[in-house]
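Coordinate-derived values only; no laboratory data. Remember, predicted model here, so these are calculated numbers, not experimental data.
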Amino acid sequence: MCASPKVNTRFWRGFSQKAQMKTFSKSWISSKKPNKQRKYRFNAPLNIRGSFLNVHLSKELREKYGIRALRARTGDKVRIMRGQFKKQEGKIEEVNVKHLKVYIAKIEHVKRDGSKARYPIEPSNLMLVELNTDDKKRLEGLKKEAKEVKSKTAKPKFESKPKVEKVKTVTKSKLNKTPKEDTK
């Protein structure tokens, strides 16, 4: 009979702990390495993943609220800026926080068998055209920020000083000099 070899459990326990993914680091700032950037995004907690779902506002909304970007929510009307569905508009049906994708109504791709499937779009390729006004807290927050922006723009940051013209000063030595006459 053949006896099974004994497995060193200490080695395997230590190996499995080292092989596990490191938890999310709050102190991590940035890296040039793409694998570290992906690791940061994939292991990020939900509160930070929400910032990855920010969508730029249109010029009108930017002027109205004084904000450049806002988190995408269901019911917001967006315009697609990049990709095969460029320049099309639609309402957001679903925001997938796990995969960091947005699904828009009437944006579908046709499969080979003829059936249609929803097309996931990266939030960075979208622009908010119209906000969903169902959420009262969201609107209150936007109005507060708009008021802060208006109050900041009302006060000039720098006071303009009146321009002072420089006057040339003439010294006595320059006044006393007479032009030399040419003598031949």
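Worth pointing out:
- In segment 31-153, Cα pairs under 8 Å separated by at least six residues give a relative contact order of 27 percent.
- Pairs over the 27 Å Cα-Cα cut-off, from the set K91/K152; K36/K77; K33/K111; K26/K98: K91/K152; K36/K77; K33/K111.
- For segment 31-153, the spherically averaged projection of the C-alpha convex hull amounts to 10.0 nm².
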